[in-house]
Structure formats: structure tokens, C-alpha cells
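S.K.: What follows is a single structure, and I will ask about it in a moment.
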Amino acid sequence: MHTRIALVIVLMLLAVHGAGCDVEFDPPSEIQSLRFLGMIAEPLEGTPGGTITFSAVVAEADGNVYDGPVAWAIVGGEQLRATGETGDSPTAIYLQPSPDEPFVWAIPSAGELAAAFGAPEENGWLLTVAASVFENGDPTAEAKAAYKLFVVSDREPEQRLRNPVLVDVQVAAGGNRLQPDADGQFLTRRSRVDLRAIVAEPNGDQTFHWFATSDTFEPDFAARQSFNPESPGSYRVFCVVRESFFFEHDDNSSTRVTGQDAWNATIRFE
């Protein structure tokens, strides 16, 4: 699909379906339809002339990972979050054929960024990436859209915003840790498993958002969870770890920017 068509798709869908990826869902933990579970910008704070890789964590109604096209656009500032409008024309419009091919944005030079988005604040540019996915992977079908704030700056590495790193999610049954089979599934004959998300640098600012194809899974926002569905079968489980930071504006206001990482697997209760 041509870039111009992708631009039209993104703008129309953001105007009608735009929603922040941090919005809670109803029900919050059960996967019932095509939905965004998160969006990841790696790094969360890039530098002029560098690159940022964007990926969408999207589940189909059956819990499978979405493998259709994703339309992306980079938008200046936080106008999309505040008003639902994009203001000036977006830049870096891209139609990603499949999530297996991440959207890698070659960040322009500082001068090009200033020309596109205005002069930077002391802490750099606060930008927005917007994405749309499509029912049944068909770009002409009904779509869902979401956005994410990220930062571009010349700050020193230790000052930049960073994503939490989800090292692993351990799955255990009866006190024994399970290992995935050749298909990546965790198999158990027990009726309950215990889940433990492990991050590289744990702290009190991180929250753990769990999702599953089950209406009996009622997690909180902790790293440890238990899952005991009412009947045997295969269940897809997702974990998205989020950590909130604040971009300090020159007018002494601040905007929340969320770093994310994600994991998913199938657990089969036999």
C-alpha cells in the first residue's frame, strides 16, 4: 500500500478511534476482541540522528498475537493525547506489513526536527507515535488505533528515560517451574499455575498488567499472579510491565511518559 493511502488511514482512524494505550479496558484482563495491550518505543528516549524501533503489542479476539499490517505515524507534541487531533501533518508515515517487521524510525537531525516540530524544550522534544491495526488484517476493515508518547533529546545517557526490561516470566505448577515445549507452550496437569514476572531493575514505580483468554483470571498489578481457569484447555497469557516517568516542560508543567516491555505465552491445562 502506498504511503499516501497509509496516511489517510492513520488520520481517519485517529480522528474516530484514537485512544491512549494506557486506557483501562472493560473487562480489564480478559481478551475478547482485537485490542492493543501496549506499545513499545525502544529506546524510550532517542537522540537526533539515531533510530527508534516501535512495536505494538496487539492480541486477536482468540488471544493469538496479531500478525496483520500496522499503519504508523509520528506526530509532534501531545496534541493528539489532549485533543484527539494531530494538528500539522504527521511525518514518517509507514505501513508495516507485519509486526514481524518492526517500524524503525530514522530520527532526523536536530535541525530537521526543529523544522518539523518546532524548537526543542530544555529536555528535548516530546513526540507521539500513532498506530492502527485492522480486523482480520484487512486495511479496509474496521480498525483500532492507539498512541504513545516518547522523547528525543541530546541529554546525557544517564538522564534519558528508559523502558523497564522484562527478563522473563516464570511459570510454575505445584512448586515446580515449567519449561516450554518445542511449540513454546507450557503444559501442566494441575488446575493452577503461578506466574512470576522478573524485571532487570525492579522498583516501586513498575506495574504489571496481565491479560488472558479467560474470564476467571482476575489479576492485580503485581509481579506475581496465580491462574486457575475453570476448565482444561489452552489459554494465551500476556504480561505488559509499565513504568511511568515525567517529561518536565519549560513552563514547569509535566507530562507522563510510560516505558513498557511485554511477554506472552500459551499455557495448556490438560
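The values are calculated or read from the model by the stated rules, or taken from the named source; none is laboratory data. Owing to the predicted nature of the structure, the values given are computational and were not obtained by experimental measurement. For neighbour counting, all protein chains shown are included, and Cβ atoms are generated from backbone atoms with ideal geometry for every residue, glycine included.
S.K.: Restricting the search to region 46-73, which residues are more than 16 Å from Ser132 (Cβ to Cβ) and either part of a loop (DSSP other than H, G, I, E, B) or touching a Ser or Thr at 6+ places or on another chain (Cβ under 6 Å) (or both)?
M.R.: If the condition is that a residue be more than 16 Å from Ser132 (Cβ to Cβ) and either part of a loop (DSSP other than H, G, I, E, B) or touching a Ser or Thr at 6+ places or on another chain (Cβ under 6 Å) (or both), then Thr47, Pro48, Gly49, Gly50, Ala61, Asp62, Gly63, Asn64 are the ones that fit.
S.K.: Could you pull out the residue among Val129, Val169 that is in contact (Cβ under 8 Å) with a residue 60 or more places away in the chain, under 19 Å from Ala41 (Cβ atoms), touching a Phe, Trp or Tyr at 6+ places or on another chain (Cβ under 9 Å) and part of a strand (DSSP E or B)?
M.R.: Val129
S.K.: Against the condition modelled with pLDDT under 95 and either in a strand (DSSP E or B) or touching an Asp or Glu at 6+ places or on another chain (Cβ under 6 Å) (or both), how does Thr207 come out, does it pass?
M.R.: No.
S.K.: Taking Leu178 and the conditions (1) touching a residue at least 24 places away in the same chain (Cβ under 8 Å); (2) over 18 Å from the mean Cα position of the chain (by Cα); (3) surrounded by 15 or more Cβ atoms within 10 Å (Cβ to Cβ), which numbered condition does it fall short on, given that it satisfies the others?
M.R.: Unmet condition: (1).
S.K.: Any idea which residue in region 106-153 is surrounded by the fewest Cβ atoms within 10 Å (Cβ to Cβ), counting only those that are charged (D, E, K, R) and touching an Asp or Glu at 6+ places or on another chain (Cβ under 7 Å)?
M.R.: Glu122
S.K.: Do you know which of the residues in region 247-270 that are of a type in the set (Ser, Thr, Tyr) and part of a strand (DSSP E or B) is nearest to Ala173 (Cα to Cα)?
M.R.: Thr266
S.K.: What number goes with the only condition from (1) in contact (Cβ under 8 Å) with a residue 60 or more places away in the chain; (2) surrounded by 12 or more Cβ atoms within 10 Å (Cβ to Cβ) that Arg189 does not pass?
M.R.: Evaluating Arg189 over (1) in contact (Cβ under 8 Å) with a residue 60 or more places away in the chain; (2) surrounded by 12 or more Cβ atoms within 10 Å (Cβ to Cβ) leaves (2) as the failure.
S.K.: With respect to the numbered conditions (1) hydroxyl-bearing (Ser, Thr, Tyr); (2) farther than 30 Å from Asn252 by Cα; (3) modelled with pLDDT under 75, which one is the sole condition not fulfilled by Ser132?
M.R.: It is condition (3) that Ser132 fails.
S.K.: Going by the structure shown, is Asp194 without any contact (Cβ under 8 Å) to a residue 60 or more places away in the chain, assigned to a strand (DSSP E or B) and closer than 28 Å to Phe227 by Cβ?
M.R.: Here the answer is yes, as Asp194 does meet what is asked.
S.K.: Kindly establish whether Leu161 is in a strand (DSSP E or B) and modelled with pLDDT of 90 or more.
M.R.: No.
S.K.: Given the conditions (1) assigned to a strand (DSSP E or B); (2) of a type in the set (D, E, K, R); (3) under 19 Å from Gly63 (Cα atoms), and given that Asp183 satisfies all but one, which numbered condition is not satisfied?
M.R.: For Asp183, the exception is condition (1).
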